[in-house]
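K.L.:
Provided herewith is a single structure, encoded as structure tokens, for subsequent inquiry.
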Amino acid sequence: MASHKERSADPVTVRLLENAAEAGIELAWDRYAMQEPQCGFGQLGLCCRNCLMGPCRIDPFGDGPKEGVCGATADIIAARNLARMIAAGAAAHSDHGRDIAHTLLMAAEQENCDYQIRDERKLKSIAADLGIQTEGKSTREIARAVAELCFAQFGQQHGEVVFTRKAPEDQRRRWRETGVMPRGVDREVVEIMHRTHIGVDNDHVNIMLQGIRAALADGWGGSMIATELSDVLFRAPTWIRSEANLGIIDPECVNVIVHGHEPSLSEMIVAAAQDRGLLALAKEKGAKGINLGGICCTANEILMRHGIPVAGNFLQQELAITTGAVDAMVVDVQCVFPSLGKIAQRFHTKFISTSPKAKFPFAEHMEFEEARALEIAKRIVRTAIENYPNRKKVTCCPSVEKPLVAGFTSENIYRMLGGTYRATYRPLNDAVMAGRLRGVAGVVGCNNPKLVHDYGHVEMTKELLKNDVLVAVTGCSAVANAKAGLLAPEAAFEFAGEGLQEICRAVGIPPVLHLGSCVDNSRILIVLSNMVAEGGLGNSIADLPVAGAAPEWMSEKAVSIGFYVVASGVFTVLGQPFPVQGAPELMKFICGGIEKLYGGKFAFESDPIRAAHLMIDHIDARRAALKLPPPMYPQPYRGKVYAEAPARATVAV
Amino acid sequence: MSRKIIAVDVTRCMACHSCEIACAVAHSASKTLAGALAESPRQRPRVHVEHVAGHPVPIQCQHCDDAPCVAACPSGAVSRAGPEEPVLFDSARCIGCRMCVQACPFGAITIGPDGKGVLKCDLCIERLSRGVEPACVSACPTRALRFEDVDQATRRKRRTASANLLSGETK
């Protein structure tokens, strides 16, 4: 068995892993060890279960079959599987977006709704983006029109998903020319399922093009709707201080952990936790107060809007319960382990499921309805308070939570960089053009017990920072970086290169910008579009000196994100390859041929430092193509492009 | 201690072919799945899951005591170092006559990937030297393959058979 330090780079996690092992509690890492060695056919993508002539497998080594019963080759089978992963990922993000659109519609239609339109400025800017007339209309009338239009995007049958118009012209031209401009969100997912049915699409590139179309419908559709409308309902985030790690669980308070993804639930729990009656009840039960903490993207949503501390990321969900101090773990959808109920039974913790779409073994189901949102949220918080006296053994968490600043958006970066009265991206573009910043990178994605927890996120980010690459983070990567202290403004002085330090000092930002949850990767798309629109860095996202990475990815959502980012022109490095390595032609397409079409492509590298160097080499290549000067200051990693170049001081400008 | 064998419980085999993949990877240079795929020529498995009347049966070299392949080999390429040792193949001595392939009663010896020499199970001696079970055994998700000594294997069988007898009596 791997030692606990080989399982996680986070000291708090290591400590809790030791405790759990002592108590004989089985966690994701133990279950992974039980699964090893994992099926080679599955890893290579060579297994097809799409019809009952199968299951079929392609033999990668022996004299076994090279085709399935229908005649499908390794490339066809692997492409079908990969496209279905995109379908599931796009469906998950988009269903989240659909729920938010529904909530906004409710808020617009019902006067006494628990949800209100909290951000009129954002609402009006979206209305302008969508071409909705706002003059003479009330806020609720505008909200209704926006909600209806967004709602309609899911079932739209023809035309173009409306938010794609926020992309640079070059991206839209490429999408139209290759036939992947998404029509409607649901339609593209359905078409993947059709095409991957027995005997339909049997060309691996054509299958992947539909995968890309669905992924774009996610990034520039479902996910973007989720982000934009959440901002309208719950207020667009602004810079906010907070802290992160399981140490935020306070043994003297009623602890409610919210875990999952959709802010419509967590926002109401936040409101309920401030209810005077419930606070009084908590005191009555002997608690100091009510303490909220988030896990996974729910954590990011309430962190960036309310400064609610982050308890942890994906692989810490079980560990939170093992502290014995969590009175209720409240979950909705996505990335919630079905093991939680069993673990909660060993403690006093109430494990509460809330979504009609997601039920779990050994969970108490308290179904959440938007129409009675606050009432149900209060009932959930009350359940936690009443459970407080039932605590058994409490294992105190090491209190090493790190301070952080979160809550950056594509809009508030304008104001951060340019000030309130001349909001602009100019300083960012100028810094890149001058070489003070080498480039910008997005580090996103999940945790995966196949890799050391948090190690990839944190080490990759550090390597990028010291080479003057500004880093944007979302999702569980954001939480990993927060726990490592990289989201604190002071981190610039410890970890950033000279150029990036100058930027951070001048503007007052941390070197790592927290852009939100995993649907908020759509914010990264808008940041990139804004950089192109600002001018000086080419006419396309594909021209920008930027790169993306998901060092510890595991979910189907990450596959969808990967494809919409690559198809939007960004070179992207994944910590683990897609499960298609048994398909040579498909591998050539996603790591090569796809670049000719969209300007972005994939690379796979599990070592975070080597992966960071691949990203920097790409950034440098784009700098060179734009005829930008080499980085202003000497760089620890000179990279392939500038390896031969003389130092900056001697370059004639 | 008696000799350890790869014991097969055919009733547990789900025909997943994981043993075959693990075998090819274990005999590759890189020892990783992706690395093995990239090698040329690609390594091939020394264990084969055959199908008889709808039932999968994993078959590999039994490392017979009186091994016909050893007796048939004219050049000493197939040999064993001692009575407790596995039957091994030495490509440097092989003259390519295929006598061992014909002599093996299990069909467990096959022609090598480049057409030269033969492939046979070496009981993963490289892994055993590191204290790790043969690759096919560790890859088997249902424990249809076990690496155990003969006494252990037969005792297990006797116990199962006894339990079956008893439950039959009480019915």
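K.L.:
Cβ-Cβ below 9 Å, separation at least six or inter-chain, first residue in the range B:88-108 and crowded, with 16+ Cβ neighbours inside 10 Å, second acidic (Asp, Glu): which pairs?
P.N.:
B:Leu88/B:Asp122; B:Phe89/B:Asp122
K.L.:
Exactly one condition in (1) under 25 Å from the mean Cα position of the chain (by Cα); (2) within 14 Å of chain B (Cβ to nearest Cβ); (3) at pLDDT 95 or above is not met by A:Gln43; state its number.
P.N.:
A:Gln43 satisfies every listed condition except (3).
K.L.:
Looking at (1) of a type outside the set (S, T, N, Q); (2) in a loop (DSSP other than H, G, I, E, B); (3) open to solvent by 20 Å² or more (accessible area, probe 1.4 Å), which is the only condition B:Ala71 fails?
P.N.:
In the conditions (1) of a type outside the set (S, T, N, Q); (2) in a loop (DSSP other than H, G, I, E, B); (3) open to solvent by 20 Å² or more (accessible area, probe 1.4 Å), B:Ala71 misses (2) alone.
K.L.:
Then there is this: Quick one: what pairs do we get from the range B:56-75, first residue farther than 18 Å from B:Ala92 by Cα and without any contact (Cβ under 8 Å) to a residue 24 or more places away in the chain, second aliphatic (A, V, I, L, M) and not in a loop (DSSP other than H, G, I, E, B), C-beta under 8 Å, 6+ apart or different chains?
P.N.:
B:Ala67/B:Val78
K.L.:
Just the residues that are open to solvent by 60 Å² or more (accessible area, probe 1.4 Å) and away from chain B (no Cβ under 14 Å), please, taken from the range A:24-40.
P.N.:
The answer is A:Glu26, and nothing else.
K.L.:
Against the condition open to solvent by less than 10 Å² (accessible area, probe 1.4 Å) and not in a helix (DSSP H, G or I), how does A:Leu437 come out, does it pass?
P.N.:
So A:Leu437 fits the description; yes.
K.L.:
Could you go through the range A:227-247 and let me know if any residue there is crowded, with 24+ Cβ neighbours inside 10 Å, hydrophobic (A, V, I, L, M, F, W, C) and within 20 Å of A:Leu487 (Cβ to Cβ).
P.N.:
yes
K.L.:
Same structure, new question: Does A:Gly324 fit the bill of being out of contact with any helix residue (DSSP H, G or I) (no Cβ under 9 Å at 6 or more places or on another chain) and not aliphatic (A, V, I, L, M)? Walk me through it before giving the result.
P.N.:
Numbers: out of contact with any helix residue (DSSP H, G or I) (no Cβ under 9 Å at 6 or more places or on another chain): yes; not aliphatic (A, V, I, L, M): yes.
When the stated conditions are applied, A:Gly324 passes them.
K.L.:
State all residues of the range B:124-143 that are away from every other protein chain (no Cβ under 13 Å) and either surrounded by fewer than 24 Cβ atoms within 10 Å (Cβ to Cβ) or not hydrophobic (A, V, I, L, M, F, W, C) (or both); if no residue qualifies, say none. Walk me through how you get there before you give the answer.
P.N.:
Kept after step one, since they are away from every other protein chain (no Cβ under 13 Å), are these residues of the range B:124-143: B:124-126, B:128-131.
Listed by number, the residues that qualify are B:Ile125, B:Glu126, B:Leu128, B:Ser129, B:Arg130, B:Gly131.
K.L.:
Further question: I need every pair where a residue in the range A:145-166 that is in a helix (DSSP H, G or I) has its Cβ under 8 Å from the Cβ of a residue that is among the basic types (Lys, Arg) and open to solvent by 50 Å² or more (accessible area, probe 1.4 Å), sequence separation at least 6 or different chains.
P.N.:
So the pair list comes out as A:Ala145/A:Lys137; A:Phe151/A:Arg98; A:Phe154/A:Arg98; A:Gly155/A:Arg187.
K.L.:
A follow-up question, please. Tell me the residue from B:Ala36, B:Ala26, B:Ala22 that is facing chain A (nearest Cβ under 8 Å) and touching a residue at least 40 places away in the same chain (Cβ under 8 Å), please.
P.N.:
Exactly one residue qualifies, and that residue is B:Ala22.
K.L.:
How many residues are modelled with pLDDT of 95 or more, surrounded by 17 or more Cβ atoms within 10 Å (Cβ to Cβ) and among the charged types (D, E, K, R) if we restrict to the range A:601-641?
P.N.:
Residues flagged as modelled with pLDDT of 95 or more, surrounded by 17 or more Cβ atoms within 10 Å (Cβ to Cβ) and among the charged types (D, E, K, R) within the range A:601-641 amount to 6.
K.L.:
I would also like to ask the following. Any residue at all in the range A:155-167 that is surrounded by 13 or more Cβ atoms within 10 Å (Cβ to Cβ) and either among the basic types (Lys, Arg) or modelled with pLDDT under 95 (or both)?
P.N.:
Within the range A:155-167, one or more residues are surrounded by 13 or more Cβ atoms within 10 Å (Cβ to Cβ) and either among the basic types (Lys, Arg) or modelled with pLDDT under 95 (or both).
K.L.:
Where the second residue is assigned to a helix (DSSP H, G or I) and among the small types (Gly, Ala, Ser) and the first is within 17 Å of A:Ser3 (Cβ to Cβ) and lies in the range A:24-35, which pairs have Cβ atoms under 6 Å and are six or more apart or on separate chains?
P.N.:
A:Leu27/A:Ala20
K.L.:
If you go through the range A:323-349 one residue at a time, how many are outside any helix (DSSP H, G or I) and surrounded by 22 or more Cβ atoms within 10 Å (Cβ to Cβ)?
P.N.:
Summing the residues that are outside any helix (DSSP H, G or I) and surrounded by 22 or more Cβ atoms within 10 Å (Cβ to Cβ) in the range A:323-349 gives 14.
K.L.:
I would also like to ask the following. Working carefully through the options B:Pro45, B:Pro113, B:Pro83, B:Pro58, find the one that is at negative phi and either away from chain A (no Cβ under 14 Å) or open to solvent by 80 Å² or more (accessible area, probe 1.4 Å) (or both). I'd like the intermediate steps shown before the answer.
P.N.:
Working: B:Pro45 fails: either away from chain A (no Cβ under 14 Å) or open to solvent by 80 Å² or more (accessible area, probe 1.4 Å) (or both); B:Pro113 fails: either away from chain A (no Cβ under 14 Å) or open to solvent by 80 Å² or more (accessible area, probe 1.4 Å) (or both); B:Pro58 fails: either away from chain A (no Cβ under 14 Å) or open to solvent by 80 Å² or more (accessible area, probe 1.4 Å) (or both).
Only one candidate passes the filter, namely B:Pro83.
K.L.:
Next up: Run B:His51 past the list (1) touching a residue at least 12 places away in the same chain (Cβ under 8 Å); (2) surrounded by 21 or more Cβ atoms within 10 Å (Cβ to Cβ); (3) outside any loop (DSSP other than H, G, I, E, B) and report the number of the one that doesn't hold.
P.N.:
(2)
K.L.:
Right, next: When you scan the range A:81-98, do you find a residue that is closer than 28 Å to B:Thr32 by Cβ, within 14 Å of chain B (Cβ to nearest Cβ) and crowded, with 16+ Cβ neighbours inside 10 Å, even just one?
P.N.:
no
K.L.:
Listed residues A:Ala21, A:Ala78; which is within 13 Å of another protein chain (Cβ to nearest Cβ) and under 30 Å from B:Pro134 (Cβ atoms)?
P.N.:
Just one listed residue meets the conditions, A:Ala78.
The values are calculated or read from the model by the stated rules, or taken from the named source; none is laboratory data. Keep in mind it's a predicted model, so treat the numbers as computed, not measured. Here the Cβ is made from the backbone with ideal geometry for all residues, glycine too, and neighbour counts use every protein chain on show. Only protein heavy atoms, including side chains, enter the accessible area calculation; ligands, DNA and RNA are left aside. Shrake-Rupley method; radii C 1.70, N 1.55, O 1.52, S 1.80 Å.
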